[in-house]
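Engineer: First the structure, which I've put down as structure tokens, then a few questions once you've had a look.
The values are calculated or read from the model by the stated rules, or taken from the named source; none is laboratory data. No experiment lies behind these values; they were computed from the predicted model shown. Note that we place each Cβ from the backbone using ideal geometry, even for glycine, and neighbour counts take in every protein chain shown. We work out accessible area using only protein heavy atoms, side chains counted, and drop any ligands, DNA or RNA first. Shrake-Rupley method; radii C 1.70, N 1.55, O 1.52, S 1.80 Å.
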Amino acid sequence: MKTTPVTPADLRSSVIAVPPLCRNADLSLNAAENKKLIDHMYAGGIRTLLYGGNANLYNIALSEYDSLLNMLQELAPEDLWMVPSIGPMYGTAMDQAAILTEHKFPTAMLLPTLFPSKPAGVATAVRHLAEKAGMKLVLYIKDESYITPELAESLVNDGLISWIKYAVVKPNPADDLYLTRLVDMVNPELIVSGIGEQPAIIHLRDFGITGFTAGCVCIAPRLSMDLLRAIDAKEYDRAEEIREIFLPLEDQRNAHSPILVLHHAVSLAGIAQTGPALPLLTELPDELLPGIETAAKELLVKAA
């Protein structure tokens, strides 16, 4: 596992994959299937993995956290960054931060929650957690009311933030006053588009932020990397052609659950068996699976 600090150049060099976490029937971690998924993404050029919402770390047991970190370290190639998540609740996150000190991860992401939280309380939590873990954290902004751009700026200026995952969904991603304020206050090289391939072109081209995270990259890593390279080369027509290839599976995710559709898609495409969903989530109804399978397999074929 790569353990050096993450730099803006690193954020630009790879799509940041946000994969599901494979589990056995008894909900224990399945190292063999997780390795299949990691190897698939790595072969497609991915060099940063972020285990967060798609991995359903919101619901992970504290007693399992050390085992998860050990598994991620053991499965990672030497030049691959593994970024685990903590939280979202303060007490859980503080206990997880203490466990992180026993490992060599360069950063970790605080999962967001809107209840019960206030922006100033989020900023205080980040300060406590960064001190406890002894590392900079990834700040995940999923809602405008989670933290203000001013508070985010103060955390960055105080050296507490590795990078920011920006994932506020807008009807028109080009019309985003919050992101406009954020890039005015924070170096855009530290901000990553956090909503997959769909708004990536607009976020990187129009707002000047750096790189993007994605879930469907787990199915088509090479194609997602081609999208990143096309944007970097300012080949926007080519980038749009690639982006549209992801739409059928993204439409399934938007319609039925971004986390659960991806969880099923990885299995249905034959990449790795993700197993049952960890409660409080559960599997999708059987009648939805054929559509997910078709979209996932077609994406896999087009990415070949």
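Engineer: Any idea which of (1) under 25 Å from residue 105 (Cβ atoms); (2) among the polar types (S, T, N, Q); (3) surrounded by fewer than 17 Cβ atoms within 10 Å (Cβ to Cβ) is the one residue 172 doesn't satisfy?
Structural biologist: (1)
Engineer: Quick one: which residue in 288, 281, 227, 262 is under 20 Å from the mean Cα position of the chain (by Cα) and farther than 21 Å from residue 30 by Cβ?
Structural biologist: On the way: 288 fails: under 20 Å from the mean Cα position of the chain (by Cα); 281 fails: farther than 21 Å from residue 30 by Cβ; 262 fails: farther than 21 Å from residue 30 by Cβ.
So the residue among 288, 281, 227, 262 that is under 20 Å from the mean Cα position of the chain (by Cα) and farther than 21 Å from residue 30 by Cβ is 227.
Engineer: Collect the residues in the range 147-164 that are surrounded by 13 or more Cβ atoms within 10 Å (Cβ to Cβ) and either more than 19 Å from residue 121 (Cα to Cα) or of a type in the set (Gly, Ala, Ser) (or both), keeping them in residue-number order.
Structural biologist: Passing the criteria: 152, 154, 162, 163.
Engineer: When you check residue 237 against the structure, is it over 26 Å from residue 291 (Cα atoms), open to solvent by 40 Å² or more (accessible area, probe 1.4 Å), free of Cβ contacts under 8 Å to residues at least 12 places away in the same chain and not β-branched (Val, Ile, Thr), yes or no? Break it down into steps so the answer makes sense when it comes.
Structural biologist: Numbers: over 26 Å from residue 291 (Cα atoms): yes; open to solvent by 40 Å² or more (accessible area, probe 1.4 Å): yes; free of Cβ contacts under 8 Å to residues at least 12 places away in the same chain: yes; not β-branched (Val, Ile, Thr): yes.
Spelling it out, residue 237 is indeed over 26 Å from residue 291 (Cα atoms), open to solvent by 40 Å² or more (accessible area, probe 1.4 Å), free of Cβ contacts under 8 Å to residues at least 12 places away in the same chain and not β-branched (Val, Ile, Thr).
Engineer: In the range 259-286, which residues are more than 14 Å from residue 220 (Cα to Cα), in contact (Cβ under 8 Å) with a residue 60 or more places away in the chain and not small (Gly, Ala, Ser)? Give the steps one after another, and end with the answer.
Structural biologist: Of all residues in the range 259-286, those more than 14 Å from residue 220 (Cα to Cα) come to 259-261, 263-264, 273-286.
Next, from what is left, pick out any that are in contact (Cβ under 8 Å) with a residue 60 or more places away in the chain: 259, 263, 273-281.
Hits for the range 259-286 are 259, 263, 273, 274, 276, 278, 279, 280, 281.
Engineer: Something else now. When you scan the range 9-17, do you find a residue that is under 15 Å from residue 276 (Cα atoms), of a type in the set (Ser, Thr, Tyr) and open to solvent by 20 Å² or more (accessible area, probe 1.4 Å), even just one?
Structural biologist: No, the range 9-17 contains no residue that is under 15 Å from residue 276 (Cα atoms), of a type in the set (Ser, Thr, Tyr) and open to solvent by 20 Å² or more (accessible area, probe 1.4 Å).
Engineer: Please give the helices (runs of 4 or more DSSP H) falling wholly within the range 144-263 in which 1 or more residues are within 23 Å of residue 47 (Cα to Cα) and out of contact with any helix residue (DSSP H, G or I) (no Cβ under 7 Å at 6 or more places or on another chain).
Structural biologist: Numbers: elements: 149-157, 177-185, 200-207, 221-232, 236-245, 247-256.
Counting at least 1 such residues, we get 200-207, 221-232.
Engineer: Of all residues in the range 67-99, count the ones that are open to solvent by less than 50 Å² (accessible area, probe 1.4 Å) and over 17 Å from residue 51 (Cβ atoms).
Structural biologist: Here the count works out to 3.
Engineer: Looking at the range 264-282, which of the residues that are open to solvent by 40 Å² or more (accessible area, probe 1.4 Å) and touching a helix residue (DSSP H, G or I) at 6+ places or on another chain (Cβ under 7 Å) is nearest to residue 35 (Cα to Cα)? Walk me through how you get there before you give the answer.
Structural biologist: Going residue by residue through the range 264-282, those that are open to solvent by 40 Å² or more (accessible area, probe 1.4 Å) are 268, 270, 273, 279-282.
Checking which are touching a helix residue (DSSP H, G or I) at 6+ places or on another chain (Cβ under 7 Å) leaves us with 268, 273, 279-281.
Values: 268: 17, 273: 11, 279: 23, 280: 25, 281: 23 Å.
Of everything passing the filter in the range 264-282, 273 is nearest to residue 35 (Cα to Cα).
Engineer: Something else about it: Exactly one condition in (1) within 19 Å of the chain's Cα centre (by Cα); (2) without any contact (Cβ under 8 Å) to a residue 12 or more places away in the chain; (3) within 30 Å of residue 150 (Cβ to Cβ) is not met by residue 91; state its number.
Structural biologist: Answer for residue 91: the failing condition is (1).
Engineer: Of all residues in the range 18-41, which are surrounded by fewer than 20 Cβ atoms within 10 Å (Cβ to Cβ), within 19 Å of residue 70 (Cβ to Cβ) and out of contact with any strand residue (DSSP E or B) (no Cβ under 8 Å at 6 or more places or on another chain)?
Structural biologist: 24, 26, 27, 28, 31, 32, 35, 36, 39
Engineer: Please count how many residues of the range 100-135 are in contact with a helix residue (DSSP H, G or I) (Cβ under 7 Å, 6 or more places away or on another chain), assigned to a helix (DSSP H, G or I) and surrounded by 17 or more Cβ atoms within 10 Å (Cβ to Cβ).
Structural biologist: Going through the range 100-135 one residue at a time, the tally reaches 7.
Engineer: Filter the range 94-117 down to residues that are under 15 Å from residue 66 (Cβ atoms) and either under 15 Å from the mean Cα position of the chain (by Cα) or at pLDDT below 95 (or both), then give me how many there are.
Structural biologist: 1
Every residue, every condition in (1) charged (D, E, K, R); (2) in contact with a strand residue (DSSP E or B) (Cβ under 6 Å, 6 or more places away or on another chain); (3) modelled with pLDDT under 95, yes or no:
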| position | (1), (2), (3) |
| --- | --- |
| 76 | no, yes, no |
| 128 | no, no, no |
| 138 | no, yes, no |
| 142 | yes, no, no |
| 157 | no, no, no |
